[in-house]
Amino acid sequence: MRYLDPKADWPFIETFGKHPDLTICFLNALLPLAENEYITEIEYLPVHLMPQTPLRDYSIVDVRCRDERGRIFIVEMQMLWSPAFMHRVLFNASKAYVRQLGSNEKYELLQPVYSLNLVNDVFMPDVEGYYHDYRIVHIEHSDKIIEGLRFIFVELPKFKPQTFSEKKMHVLWLRYLTEINEKTRVIPPELMESPEIRKAVEQIEEPAFSDAQLEGYDKFWDGVRVEKTLISDALKKGHAEGRAEGRAEGERLKQREIARNLKALGLDVASICQVTGLTPEETENL
């Protein structure tokens, strides 16, 4: 059997955008919810128009839902990382939060918004962990929290399977996302032992997709490759410009040091300017 990569648009939507039971299991496993906060029922919400980012839509897959308590959950699969995505995530969660109320409704009716962002890229290389939980907290007293918005970022490339018994489904879902792709021919038996994971695997079997969907799947990865190249080229250009600026600044510092030494020897300002290329004002201020 051949499988599609579950991180791509069609497989991700087919799995988590059409099967509430799988989405509920996934959210309960990945979100930092206490047992009495677990989700038991959801309804899917329409995906609204998103703000523009420097990249196209290939790199982002989005699923939204609301549970029986009214809490809103936004799940995004981000194939590539850009600093603009952090602003996009904040914008989308904030928009979902404020749109809960009509003009005459009370603020007390507002329910929390959870933003779960699965990133197929490393954006915090200096931090060891793969799971990042953001809340609005008091800087000096981190136990003081403003409830309402919560942001979870998972750096998938950093994930390494662990045997935490209390986090079994957390590990299984992340293994589902990170270990299965077009090269997979046999699914690890420990994944197939879970009814939820087995059902999710069935959603990404290649025969389950139409020719048009498979063509769209290929275009998705072509788009991701193009965007990755654009980001790489932009980074290289930025690094080159940074190095050029660094060399120029180093040369300016060197000329200032020479000017100081010449000035200490009593050489006149005009001669110092001729030697170093500094202006008379720069030389006088040394």
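If His19, His87, His170 are ordered by their accessible area, calculated over protein heavy atoms with a 1.4 Å probe, which sequence runs from highest to lowest?
Descending order: His87, His19, His170.
Compare Ile258, Ile187 by solvent-accessible area with a 1.4 Å probe and give them largest first, with all protein chains kept in place.
Values: Ile258 60, Ile187 15 Å².
Ranked from most to least accessible, the order is Ile258, Ile187.
Using only the heavy atoms of the protein chains and a 1.4 Å probe, how would Trp10, Trp221, Trp173 rank by accessible area, largest first?
On the way: Trp10 90, Trp221 40, Trp173 0 Å².
The residues order as Trp10, Trp221, Trp173, largest area first.
Looking at this model, which pairs from Lys7/Lys158; Lys158/Lys183; Lys168/Lys228; Lys18/Lys158; Lys7/Lys219; Lys18/Lys106 are more than 23 angstrom apart at the alpha-carbon?
Working: Lys7/Lys158 15 Å; Lys158/Lys183 20 Å; Lys168/Lys228 33 Å; Lys18/Lys158 28 Å; Lys7/Lys219 14 Å; Lys18/Lys106 33 Å.
Lys168/Lys228; Lys18/Lys158; Lys18/Lys106, as the Cα separations exceed 23 Å there.
Can you give the angle from 0 to 90° between the axis of helix 168-179 and the longest principal axis of the chain, with both taken from C-alpha atoms, to the nearest 10?
That works out to roughly 60 degrees.
How many angstrom lie between the Cα centre of the stretch 150-194 and the Cα centre of the stretch 248-286?
Cα centroid of the stretch 150-194 versus Cα centroid of the stretch 248-286: 62 Å apart.
Roughly how many Å² is the accessible area per residue of the stretch 95-214, as a whole number, for a 1.4 Å probe?
61 Å²
Using Cα springs under 10 Å in a Gaussian network model of the chain, which residue among Lys263, Lys167, Lys158 shows the largest mean-square fluctuation?
Lys263
Which one of Gly102, Asn117, Leu286 has its Cα pushed farthest toward the positive end of the charge dipole of the chain, where Lys and Arg give +1 and Asp and Glu give -1 at the Cβ?
Toward the positive end, the furthest listed residue is Leu286.
Can you pull the percent of the chain's accessible area that's carbon plus sulfur, 1.4 Å probe, other chains left in place? Please list the in-between numbers first.
Numbers: 8990 of 16510 Å².
For the chain, the apolar C and S fraction of the accessible surface comes to 54 percent.
To test your reading of the geometry: what angle, between 0 and 90 degrees and rounded to tens, separates the Cα axis of helix 20-30 from the longest principal axis of the chain?
Orientation of helix 20-30: about 50 degrees from the principal axis.
Of the residues Met192, Met124, Met169, which exhibits the maximal mean-square fluctuation in a Gaussian network model of the chain defined by a 10 Å Cα contact cut-off?
Result for the chain, Cα springs under 10 Å: Met124 fluctuates most.
To the nearest 10 square angstrom, how much accessible area does Glu14 have with a 1.4 angstrom probe?
Around 30 Å² of this residue is reachable by solvent.
Compute the helix-to-body angle for 83-98: its Cα long axis versus the longest principal axis of the chain, expressed 0 to 90° and rounded to tens.
The two axes meet at around 50 degrees.
Please report the accessible area of Val98 (heavy atoms, 1.4 Å probe, ligands and nucleic acids excluded) in Å², nearest 10.
100 Å²
As an exercise, identify the GluC sites (Glu not before Pro) in the stretch 82-171 lying in DSSP coil whose Cβ has no more than 10 other Cβ atoms within 10 Å.
Numbers: sites: Glu105, Glu108, Glu128, Glu140, Glu147, Glu155, Glu166; in loops: Glu105, Glu128, Glu140.
Sites meeting the loop and neighbour criteria: Glu105, Glu128, Glu140.
Which whole number in µm²/s is D for the stretch 114-220 by Stokes-Einstein, with the Kirkwood Rh taken over Cα pairs at 37 °C and 0.692 mPa s? Intermediate results must be reported in sequence, preceding the final value.
Values: Rh = 16.6 Å.
Here the translational diffusion coefficient equals 198 µm²/s.
If you restrict to DSSP beta bridges whose two residues both lie in the chain, what percentage is antiparallel, to the nearest 5? Let's see the in-between values first.
On the way: 18 of 32 bridges.
Percent antiparallel among DSSP bridges in the chain is about 55.
Counting only the heavy atoms of the protein chains, how much of Thr184 is accessible to a 1.4 Å probe, in Å² to the nearest 10?
20 Å²
What do you get when you divide the Cα radius of gyration of the stretch 2-156 by 2.2 N^0.38 Å, with N the number of residues?
On the way: Rg = 15.8 Å, N = 155, 2.2 N^0.38 = 15.0 Å.
In units of the globular-protein estimate, the stretch 2-156 measures up at 1.06.
Over the stretch 14-162, what is the percentage of antiparallel beta bridges among all DSSP beta bridges, to the nearest 5? Write out the running numbers ahead of the final one.
Working: 17 of 31 bridges.
Taking every DSSP beta bridge with both residues in the stretch 14-162, the antiparallel ones total about 55 percent.
Identify which of Ala264, Ala212, Ala96 has the largest mean-square fluctuation in a Gaussian network model of the chain, with springs joining Cα atoms closer than 10 Å.
Of the options given, Ala264 has the highest mean-square fluctuation.
The values are calculated or read from the model by the stated rules, or taken from the named source; none is laboratory data. As the structure is a computational prediction, the values presented were derived from the model and not from experiment. Don't worry about glycine lacking a Cβ; one is built from the backbone with ideal geometry, like all the others, and counts go over all protein chains shown. Heads up: the accessible areas ignore ligands, DNA and RNA and are worked out on the full protein's heavy atoms, side chains in. Shrake-Rupley method; radii C 1.70, N 1.55, O 1.52, S 1.80 Å.
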